[in-house]
Structure formats: C-alpha cells, structure tokens
Amino acid sequence: QCQLNGLWRNDQDSLMEISVLRDNGDFQGQYLTRVTLSRGCAQISPLRGAQQQLGEEGWPTFAFTVRWDKFSNATTAFVGQCFVDAGGKETLSTMWLLREAVGSLEEDWKATR
C-alpha cells in the first residue's frame, strides 16, 4: 500500500514533505518549490490535505493545498492518486490549479492556471 508521509521530489526538482499523517487521513507538511513567481529562488510553504481512507488494497486518492504566502499572493490546489509499481516504487500522480490574486473581477480570466 502507498504511504503519503515522507519526502517526495517532482520532475521540476521541487520537494514536498508530508510530516504528519493522521488516522483520519488528514495530513500536513511543507512544499519547497524550485519554480516560483518571483526571483526564481527556492521557497518553503505550508501544505494541508486529506487522503481517502481505503482498506488493505487499492491506491489512495488525496488532495492538498499549498499557500505561497511568503513570496506570492497565490494558492495551489493539488489532487492525485498514489501508486506502487511491481518493484515497490511509490509514485504520486497529480493535477494542480494555481490561483493568483487579481485586482478586479474584470481580471478574473487571468487568475487561474
């Protein structure tokens, strides 16, 4: 079975650490991104999420948000599923939406990526 807690690296060389995984599926941790909206330097931001509770078999789905409050006025929501291949390697497959703050409703069209 796939375990979310621990250290994860993505293909952009960013790191995510899930340090607390509660019995009810809630988790928290931190995200160290190498891809930023300002100055390109690595920044640590808090994350919080929840994992679907499954029995002994199956690959859990999960969702979490990251607040980029230290360097950007944006939030990203991730959803995904955890898989384990035949060799025992765990992989997280995710999709994300990033929402930046804009100054008016007329600018709303450009706020989500």
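The values are calculated or read from the model by the stated rules, or taken from the named source; none is laboratory data. All figures in this text were calculated on a predicted structure; none of them were measured in a lab. All Cβ positions, even for glycine, are placed from backbone atoms using ideal geometry, and neighbour counts span all protein chains on display. The protein model used for the area step is the full one, side chains on, heavy atoms only, and it has no ligands, DNA or RNA in it. Shrake-Rupley method; radii C 1.70, N 1.55, O 1.52, S 1.80 Å.
Check segment 82-92 and report whether any residue there is of a type in the set (Val, Ile, Thr), part of a strand (DSSP E or B) and without any contact (Cβ under 8 Å) to a residue 12 or more places away in the chain. Yes: segment 82-92 contains one or more residues that are of a type in the set (Val, Ile, Thr), part of a strand (DSSP E or B) and without any contact (Cβ under 8 Å) to a residue 12 or more places away in the chain.
If only residues of segment 13-28 that are open to solvent by less than 50 Å² (accessible area, probe 1.4 Å) and assigned to a loop (DSSP other than H, G, I, E, B) are counted, the one that is farthest from Ser93 (Cα to Cα) is Gly25. The sole residue among Ala101, Ala63, Ala77 that is loosely packed, with under 12 Cβ neighbours inside 10 Å, among the aliphatic types (A, V, I, L, M) and at negative phi is Ala101. Ala86 satisfies every condition listed in (1) surrounded by 14 or more Cβ atoms within 10 Å (Cβ to Cβ); (2) of a type in the set (A, V, I, L, M, F, W, C); (3) over 17 Å from Gly6 (Cβ atoms) except (1).
Only one entry in Gln12, Gln1, Gln53 is modelled with pLDDT under 85 and under 20 Å from Arg99 (Cα atoms), namely Gln12. Set side by side, the residues Phe64, Phe71 differ, and just one is under 16 Å from Leu32 (Cα atoms), assigned to a loop (DSSP other than H, G, I, E, B), in contact with a strand residue (DSSP E or B) (Cβ under 9 Å, 6 or more places away or on another chain) and of a type in the set (A, V, I, L, M, F, W, C), which is Phe71. Considering (1) modelled with pLDDT under 90; (2) under 14 Å from Asn5 (Cα atoms); (3) not aromatic (Phe, Trp, Tyr), the lone condition that Leu92 does not fulfil carries the number (1).
Would you mind stating whether Val79 is assigned to a strand (DSSP E or B) and either within 23 Å of Leu7 (Cα to Cα) or not aromatic (Phe, Trp, Tyr) (or both)? Yes; evaluated as a whole, the condition is true for this residue.
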